[in-house]
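Below is one structure, written out as structure tokens; comments come after it.
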Amino acid sequence: MELSVEEIAELRDMINDRDLPANVATRARIVLWHAEHLPKKEIVRLAGVSLPTVNLWISRYGSEGSAGLLDRSRAAPREQIPANIRSRVLALTRSTPPVETGLTHWST
């Protein structure tokens, strides 16, 4: 990977930016070390990450530039209970239990 002078400067700015998380700076270092032709095993050792992690950040930088090194927003997790079941459970909790159970609404 060959980087332009501007790209190198941008990555160095990312490394020194106190407003960016440390993991983003590590990602920028990985890309710079790769551009300096360090072996990936050496980058793994220096960065303290796994080889798949090194490959991920090099690949992401190659396809997205420095924006690819930033954390991506994570979508909300999938809904675990379908809406129709949730509405049925809520309806049951709002109704009075059968008399033969001897329970009150609040104790159930």
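The values are calculated or read from the model by the stated rules, or taken from the named source; none is laboratory data. All values derive from a computational prediction rather than experimental measurement. Quick reminder, even Gly has a Cβ in these numbers, built from the backbone with ideal geometry, and neighbours come from all protein chains shown. Areas reflect the complete protein model, heavy atoms only, side chains present, ligands, DNA and RNA absent. Shrake-Rupley method; radii C 1.70, N 1.55, O 1.52, S 1.80 Å.
The candidate values are [x] 9.1; [y] 12.2; [z] 7.0; the one derived from this structure for mean projected area of the Cα convex hull in nm² carries the label [y].
Loop only per DSSP, at most 11 neighbouring Cβ atoms within 10 Å: give me the trypsin sites (Lys or Arg not before Pro) in region 13-108, ordered by residue number.
Numbers: sites: 18, 27, 29, 40, 41, 45, 60, 72, 74, 78, 86, 88, 94; in loops: 18, 72, 74, 78, 94.
Taking region 13-108 and a limit of 11 other Cβ atoms within 10 Å, the loop trypsin sites (Lys or Arg not before Pro) found are 18, 72, 74, 78, 94.
Using a Gaussian network model of the chain with C-alpha springs under 10 Å, which one of 24, 49, 89 is most mobile by mean-square fluctuation? Residue with maximal mean-square fluctuation among 24, 49, 89: 89. Shown here for region 1-101: GluC sites (Glu not before Pro) in loop regions (DSSP other than H, G, I, E, B) with at most 14 other Cβ atoms within 10 Å, namely 2, 36, 79. With springs only between Cα atoms under 10 Å, which of 26, 93, 53 fluctuates most in a Gaussian network model of the chain? Maximum fluctuation in the GNM of the chain, among the listed residues, is at 93.
Each residue of region 84-90 was assigned a 3J(HN,Hα) from its phi angle through the Karplus curve 6.51 cos²θ - 1.76 cosθ + 1.60 (θ = phi - 60°); the sequence is 5, 6, 4, 5, 5, 4, 4 Hz, with glycine and proline shown as x. Loop-located chymotrypsin sites (Phe, Trp or Tyr not before Pro) in region 34-108 (DSSP state other than H, G, I, E, B) with a sparse environment of at most 15 neighbouring Cβ atoms within 10 Å: 106.
With every protein chain kept in place and ligands, DNA and RNA left out, what is the accessible area per residue of the chain? Probe 1.4 Å, answer in Å².
Working: 8120 Å² over 108 residues.
With all protein chains present, the chain gives 75 Å² per residue.
Taking the C-alpha atoms only, the angle from helix 51-64 to the longest principal axis of the chain is near 80 degrees. Rounded to the nearest percent, how much of the accessible area of region 1-65 (1.4 Å probe, protein heavy atoms only) is carbon and sulfur? Answer for region 1-65 is 52 percent, counting heavy atoms of protein chains only.
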